[in-house]
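Student: Pasting a structure below so you can have a look.
The values are calculated or read from the model by the stated rules, or taken from the named source; none is laboratory data. Since the structure is predicted, the reported quantities are computational estimates derived from the model, not experimental observations. Because the Cβ atoms are built from the backbone with ideal geometry, glycine has one as well, and the counts that use them run over all protein chains shown.
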Amino acid sequence: MISSQPLSPIHGLLEAMHPLWSSETSEAKRVIRIDQRDEERAAILGLADLSHQNRAGAKGRGTAEWLSKLGVTIPSQANSWCPLPSGGLVARLGNTEFLVENDATLVEKIMQTQRAPGVYPVLHQDAAFGLCGARVNELLLQTCNIDFRMLDAQPSKVVLTSIAGVGITILSKTNGKYPSYRIWCDGTYGIYLWETLAEIATELGGGCIGVDAVQ
């Protein structure tokens with residue numbers, strides 16, 4: 001049920017930047033900081049790798065009821081999401097498919113609990129990125145045919161679309177001064193999408209940041 005992602009799909013690109021890593025000894029360690037300009041870039045347009053975050057997926061006609069019995073508050077509508085008290089989230093991808101992310105206890109619970117009839121695991125070997133900053137919508141307008149400022153007005157909305165030709169899932173997760181988005185894509189496209197977004201972010205005055213600077 002759990003999709004373990006011990007090594008980010010863009011790990012090699014991150015290592016080449018010689019960042020400050022977290023102190024975890026596991027391969028799931030994360031980039032805390034790129035350099036002293038992280039906060040400055042985050043305010044303009046920051047791109048962070050969030051692929052290390054634990055996640056689990058499930059789908060099927062019985063999934064909503066099964067998750068509710070596990071104590072998970074699930075979104076009431078398809079293509080929407082809600083936050084978890086831990087800081088993680090639950091996204092409803094269609095009527096009967098769900099993604100739980102960034103709550104290690106809950107992800108472990110989903111992994112260990114026997115599935116009910118009509119509940120099937122969904123493998124998530126994703127590349128996951130965070131985008132934030134005052135100019136983030138300029139980047140999105142360059143790479144996608146959706147005006148994501150409309151998404152900002154519907155903060156619980158989840159959108160399945162494409163950016164720079166790559167199929168993605170995206171949601172608005174603004175919790176600070178600037179717009180902020182969470183993006184997932186198939187891990188095999190992670191390097192291409194990261195390099196594309198990083199290049200545009202740099203052109204717009206921002207760039208790559210560590211997770212501590214994500215808005």
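Student: Could we say that Ala116 is under 23 Å from Ile163 (Cβ atoms) and surrounded by fewer than 18 Cβ atoms within 10 Å (Cβ to Cβ) here? Walk me through how you get there before you give the answer.
Tutor: Values: under 23 Å from Ile163 (Cβ atoms): no; surrounded by fewer than 18 Cβ atoms within 10 Å (Cβ to Cβ): yes.
Criteria not met by Ala116.
Student: Still on this structure, I have one more. Out of the residues in the stretch 9-41 that are in contact with a Phe, Trp or Tyr (Cβ under 8 Å, 6 or more places away or on another chain) and not charged (D, E, K, R), state the one that is nearest to Ala128 (Cα to Cα).
Tutor: Let us first name the residues in the stretch 9-41 that are in contact with a Phe, Trp or Tyr (Cβ under 8 Å, 6 or more places away or on another chain), namely 10, 13, 29-32.
From what's left, not charged (D, E, K, R): 10, 13, 31-32.
Numbers: Ile10: 10, Leu13: 14, Val31: 13, Ile32: 15 Å.
Top of the filtered list is Ile10.
Student: Let me ask something additional. Let me confirm something: among Ile200, Ile170, Ile183, which residue is assigned to a strand (DSSP E or B) and in contact (Cβ under 8 Å) with a residue 40 or more places away in the chain?
Tutor: Values: Ile200 fails: assigned to a strand (DSSP E or B); Ile170 fails: in contact (Cβ under 8 Å) with a residue 40 or more places away in the chain.
Within the list Ile200, Ile170, Ile183, the selection yields Ile183.
Student: Has the stretch 142-154 got any residue that is touching a strand residue (DSSP E or B) at 6+ places or on another chain (Cβ under 8 Å), at pLDDT 95 or above and farther than 17 Å from Asp49 by Cα?
Tutor: yes
Student: Assuming Leu131 fulfils every condition listed in (1) buried (at least 20 other Cβ atoms within 10 Å of the Cβ); (2) among the aliphatic types (A, V, I, L, M); (3) not assigned by TED's automatic domain parsing to the domain that holds Lys173 apart from one, which condition is it?
Tutor: If we test Leu131 against (1) buried (at least 20 other Cβ atoms within 10 Å of the Cβ); (2) among the aliphatic types (A, V, I, L, M); (3) not assigned by TED's automatic domain parsing to the domain that holds Lys173, just (3) comes out false.
Student: What residue, among those in the stretch 97-114 that are under 20 Å from the mean Cα position of the chain (by Cα) and part of a loop (DSSP other than H, G, I, E, B), is nearest to Lys69 (Cα to Cα)?
Tutor: Asp103
To keep it simple, each residue is scored yes or no on (1) crowded, with 18+ Cβ neighbours inside 10 Å; (2) modelled with pLDDT under 95; (3) within 20 Å of Tyr189 (Cα to Cα); (4) out of contact with any strand residue (DSSP E or B) (no Cβ under 8 Å at 6 or more places or on another chain).
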{"position": "Met1", "(1), (2), (3), (4)": "yes, yes, no, no"}
{"position": "Leu20", "(1), (2), (3), (4)": "no, yes, no, no"}
{"position": "Ala58", "(1), (2), (3), (4)": "yes, yes, no, no"}
{"position": "Gly62", "(1), (2), (3), (4)": "no, yes, no, yes"}
{"position": "Glu65", "(1), (2), (3), (4)": "no, yes, no, yes"}
{"position": "Thr73", "(1), (2), (3), (4)": "no, yes, no, no"}
{"position": "Gly87", "(1), (2), (3), (4)": "no, yes, no, yes"}
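To keep it simple, each residue is scored yes or no on (1) more than 13 Å from the chain's Cα centre (by Cα); (2) farther than 25 Å from Ser8 by Cβ; (3) not charged (D, E, K, R).
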position: Val119; (1), (2), (3): yes, yes, yes
position: Gly167; (1), (2), (3): yes, no, yes
position: Lys173; (1), (2), (3): no, no, no
position: Ile191; (1), (2), (3): yes, no, yes
position: Leu204; (1), (2), (3): yes, no, yes
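Student: If you don't mind, another one. Under the condition of being within 14 Å of the chain's Cα centre (by Cα) and part of a loop (DSSP other than H, G, I, E, B), which residue from the stretch 50-83 is farthest from Pro9 (Cα to Cα)?
Tutor: Only one residue tops the list, namely Asn54.
Student: Which condition breaks for Pro117 when tested against (1) assigned to a loop (DSSP other than H, G, I, E, B); (2) under 22 Å from Gly187 (Cα atoms)?
Tutor: (2)
Student: Shifting gears a bit: For the condition surrounded by 17 or more Cβ atoms within 10 Å (Cβ to Cβ) and over 22 Å from Ala58 (Cα atoms), what is the one hit in Asn137, Asn79, Asn145? Spell out the reasoning first.
Tutor: Values: Asn79 fails: over 22 Å from Ala58 (Cα atoms); Asn145 fails: surrounded by 17 or more Cβ atoms within 10 Å (Cβ to Cβ).
Result of the check over Asn137, Asn79, Asn145: Asn137.
Student: To continue, here is another question. So how many residues does the stretch 24-38 have that are modelled with pLDDT under 90 and surrounded by fewer than 16 Cβ atoms within 10 Å (Cβ to Cβ)?
Tutor: Summing the residues that are modelled with pLDDT under 90 and surrounded by fewer than 16 Cβ atoms within 10 Å (Cβ to Cβ) in the stretch 24-38 gives 4.
Student: If you take the residues of the stretch 173-192 that are closer than 16 Å to Leu140 by Cβ and modelled with pLDDT under 90, which of them is surrounded by the fewest Cβ atoms within 10 Å (Cβ to Cβ)? Let's see the steps before the verdict.
Tutor: Residues of the stretch 173-192 closer than 16 Å to Leu140 by Cβ: 173-174, 178-185.
Checking which are modelled with pLDDT under 90 leaves us with 173-174, 178-179.
On the way: Lys173: 19, Thr174: 15, Tyr178: 18, Pro179: 22.
Among those that are closer than 16 Å to Leu140 by Cβ and modelled with pLDDT under 90, it is Thr174.
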